[in-house]
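Each reported figure results from applying straightforward, stated rules to the coordinates on display, with no laboratory input. Since the structure is predicted, the reported quantities are computational estimates derived from the model, not experimental observations. Ideal geometry is used to build each Cβ from the backbone, glycine not excepted, and the neighbour counts take in all protein chains shown.
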Amino acid sequence: MKITVCVKRVPSTAARIRIGADGRSIDEAGVEFVLNPYDEYAVEEALRICEKTAPPGEATVLCFGPDAVTKELRNCLAMGVHAALHVPAPAGDAAARDPLATAQVIAAAIRGAAGGPPDLILFGRQAVDDDGALVGLMVATLLGLPAVPDVTKLTMGAGAVTVEREVEGAVETYEVPLPCVVTAHKGLNDPRLPNMKGIMAAKKKTITTAAAAAAAPASTIESLELPPERKGGRIVGEGAAAVPELLRLLRQEANAL
Amino acid sequence: MPCILAVCEQSEGKLKKVAGEVASEALRQGQASGLPVVAVTIGPGAPSAAAALAPFGVESAGAIEGASVASYSGEAYAAALAAVAQAKGAALVLLGATSFARDLLGRLGALLSSSPASDCIALSFANGAFRARRPVYAGKAILTVGFKATPALASLRPNVFSATKVAGKTTRVETIAAAAAPAKCARRTGRVDAGGGKLELTEAEVIVSGGRGLKTPENFAKLIEPLAAALGGAVGASRAVVDAGWRPHGEQVGQTGKTVAPKLYVACGISGAIQHLAGMRTARTIVAINKDREAPIFKVADYGIVGDVDEVLPALTEQAKALRAAH
Ligand SMILES: Cc1cc2nc3c(=O)[nH]c(=O)nc-3n(C[C@H](O)[C@H](O)[C@H](O)COP(=O)(O)OP(=O)(O)OC[C@H]3O[C@@H](n4cnc5c(N)ncnc54)[C@H](O)[C@@H]3O)c2cc1C
Ligand SMILES: Nc1ncnc2c1ncn2[C@@H]1O[C@H](COP(=O)(O)O)[C@@H](O)[C@H]1O
């Protein structure tokens, strides 16, 4: 059982977002970068499946990004991932901000990886920087693999996997033949934190650097702006006594009732 | 003849609420670009759903049916939609940003070699090209992107684009045989409704959300649900109460929950953490009820009441009920 997990390095969700000088990207000064929160569920699920299969499966983590991603890759190795593959993207490289180019680079890296194609490829549901929710299913389609997004439950079967995903007002179940792609949503599992043993073991694991891949972006970034400030609201009053005035404002001023 | 393809989501012949929003925005972009609009529906019930697009002024629609799309599969639906987009020479393909588009937009991008723009809040057309504006960094910034490939692909955030009715139009419905599905597909084998008839959070016009300030799970039933019912809205929750097991994850609003853009969002006992704001910042009107005058939520709320939920919510529920009864 060979599993590949694709992970992305993103600003922490608590980071204050300021627009950079180019007006097209954020000012990264002072911003803390972390492993994309949804990708932690994907790494954890890969490790759990590997632990449950006999002989134990092997999980490889893959990231297309600047050299700084080795911190996130090292973090995954410390969680217990067996090997890591870094596909270099020069900082500010347009391909890394384009869904199709990113998917093409990742698909090529997976096709070309030593040891042949994986049985299962896991992604996060979306990256919390561009919020695209695109790359996982794009890679699946480029590789001709079946896939289900936003998975909250996964059960390994013989030659297939059964998964659940939440949709509006319902939970759906899918049967997916292996090899396939799944993107991980909150609730799939509780990601482990690397322990000392893991951190020490990670030091002995290698991060392979693949050849830099080129892919032409299919979109252009015109501008990045802060959202319009919500015009200052006001406190209508205190306690239940303020309710009549609130309802009047909602009806007459905000036309919300 | 290039056109704009409006993919109108339906289930068993009934259009989803966002379908009207997609159809109307497609027609608006059609006027801006001079391109004709073709709406498409797909799967069992597609023809009656397509016919139901007339009130939105859609004059030409395709209903995609066939063995490959008789039961739902992301691979099969994406293959069928991509084939129609190519056959019609689509310059722009629009979907509503629901879980339907989360399963299809990426696949369409790979099949049509185009980078999609997901969850858009505005579209524009200028000197021969479409552009899209979409929230990024959980709504803390707005990105404007251009499309270098054809067709341009975009999903539209629900409740943001208006669905406008147009009188006196009839829709000419053409049935389209769905293209074959790829050899390997994920097939949907089951579907369990979670809480029958409950208003879906992302489609609700009014949402009443509760946070840790409710102090107990029982207070949700006692204070939040009656207010939501009085306002005809859905119930939302902060991550704190979802993680505490008081409310299901499906009700969580925010960074790792749902993103909602209702007409009215009432935040009760919610501090207004950045990750919660990420999910409801684009609501048209925000009301906050919190006993702490300095709670961050008050900086975002249009109207606030400083007070205890135990005291304020029952009064608000009663008077809102009386108001609705009077009208
Ligand atoms: C990666 C990540 C993702 C996250 N995603 C989400 C997300 O999707 N959604 C989300 O909501 N959070 C999310 N969070 C958590 C977020 O940071 C906050 O912890 C959470 O939103 C706080 O919930 P709360 O406002 O209910 O609780 P608190 O922050 O504890 O606020 C409770 C509020 O209730 C008020 N209060 C107390 N008693 C009363 C009373 N009797 N009457 C009136 N008011 C009262 C208090 O003054 C306080 O302001 C995420 C965090 C991280 C790190
Ligand atoms: N540069 C990247 N390298 C590796 N994986 C990525 C990269 N970008 C996105 N992904 C994966 O694709 C998922 C969805 O990303 P997105 O489509 O950008 O929201 C992420 O959660 C990751 O699993």
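Cut-off is 10 Å between beta-carbons; in what order do A:Met79, A:Met138, A:Met200 appear when sorted fewest neighbours first? Intermediate results must be reported in sequence, preceding the final value.
Numbers: A:Met79 22, A:Met138 29, A:Met200 11.
Placing the least packed residue first, the sequence is A:Met200, A:Met79, A:Met138.
What percent do you get for the relative contact order of chain B when only Cα pairs under 8 Å and 6+ apart count?
15 percent
Gap in Å between the Cα centre of region A:86-159 and the Cα centre of region A:178-257? A separation of 20 Å, based on Cα centres. For chain A, list log₁₀ I(q)/I(0) at each q in 0.08 Å⁻¹, using the Debye formula over Cα point scatterers of equal strength and ignoring solvent, two decimals each. Treating every Cα as an identical point scatterer, log10 I(q)/I(0) equals -0.39.
Of A:Ile221, B:Ile207, the sequence from fewest to most neighbouring Cβ atoms within 10 angstrom is A:Ile221, B:Ile207.
Less than 5 angstrom separates the built amide H of A:Glu222 from those of B:Thr144, B:Val145, B:Gly146, all sequence-distant by 5 or more or on a different chain.
To the nearest ten degrees, helix B:99-111 and the longest principal axis of the Cα atoms of chain B are 40 degrees apart.
Our note on the geometry: Cα centres of region B:243-269 and region B:279-302, 13 Å apart.
When the Cα gyration tensor is reduced to axis lengths a ≥ b ≥ c, the ratio a/c is 1.5 or higher for region A:197-257, and with a/b not above b/c it is classed as oblate. Compared with the dominant Cα axis of chain A, that is its longest principal axis, helix A:243-252 is turned about 80°.
Every helix of 4 or more DSSP H residues in chain B counts as -39500 (n - 2.57), and over all residues that averages to -8000 deg cm²/dmol at 222 nm. Each DSSP beta bridge with both residues in region A:1-134 is either parallel or antiparallel, and the antiparallel ones are about 20%.
How about region B:256-327: which GluC sites (Glu not before Pro) there lie in a loop by DSSP and see at most 14 other Cβ atoms within 10 Å?
When the GluC sites (Glu not before Pro) of region B:256-327 are filtered for loop state and at most 14 Cβ neighbours within 10 Å, B:Glu294 remain.
Helices in chain A, meaning DSSP H runs of at least 4 residues, each add -39500 (n - 2.57). Divided by all residues, the mean residue ellipticity at 222 nm is -8000 deg cm²/dmol. Taking every residue in B:180-191 and counting other chain Cβ atoms within 10 Å of its Cβ, the average works out to 6. Semi-axes of the equivalent ellipsoid for chain B, computed as √(5λ) from the eigenvalues of its C-alpha gyration tensor and ordered from largest down, come to 38, 21, 19 Å.
With the convex hull constructed from alpha-carbon coordinates only, the protein assembly as shown shows a mean projected area of 26.7 nm² over all directions.
Karplus-derived 3J(HN,Hα) values for region B:135-152, using 6.51 cos²θ - 1.76 cosθ + 1.60 with θ = phi - 60°, are x, 10, 6, 6, x, 7, 8, 10, 9, 10, 10, x, 10, 9, 10, 10, x, 6 Hz; glycine and proline are entered as x.
Working note: Cα gyration tensor of region A:152-257, eigenvalues times five, square-rooted, sorted largest first, giving semi-axes of 48, 26, 22 Å.
List, in the order given, every pair from B:Lys17/B:Lys222; B:Lys148/B:Lys258; A:Lys52/B:Lys258; B:Lys17/B:Lys263; B:Lys17/B:Lys88 whose Cα-Cα distance in the structure shown is over 21 Å. Present the calculation step by step, with values, prior to reporting the outcome.
On the way: B:Lys17/B:Lys222 30 Å; B:Lys148/B:Lys258 30 Å; A:Lys52/B:Lys258 32 Å; B:Lys17/B:Lys263 15 Å; B:Lys17/B:Lys88 25 Å.
Too far apart for the 21 Å limit: B:Lys17/B:Lys222; B:Lys148/B:Lys258; A:Lys52/B:Lys258; B:Lys17/B:Lys88.
Between the Cα long axis of helix B:309-326 and the first principal axis of chain B there is an angle of about 60°, rounded to the nearest 10.
In the calculated pair-distance distribution of region B:9-120, the portion above 19 angstrom amounts to 42 percent of the Cα-Cα pairs.
So if the hydrodynamic radius of region B:1-71 is defined as the Kirkwood radius over C-alpha pairs, what does Stokes-Einstein give as its diffusion coefficient at 25 °C and 0.890 mPa s, in µm² per second?
Details: Rh = 12.0 Å.
Translational D for this selection: 204 µm²/s.
In this structure, the amide hydrogen of A:Leu178, modeled 1.01 Å from its nitrogen in the peptide plane, lies closer than 5 angstrom to those of A:Ala160, A:Val161, counting only residues at least 5 positions away or on a different chain. The alpha carbons of region A:50-138 occupy a box of 42, 25, 25 Å along the principal axes, longest dimension given first. Backbone amide hydrogens, once placed in the peptide plane, bring A:Val5 within less than 5 Å of A:Thr60, A:Val61, A:Leu62, A:Leu122, excluding anything fewer than 5 places away on its chain.
If you look at the Cα atoms of region B:152-294, you get an Rg and a Dmax of 19.1, 60 Å.
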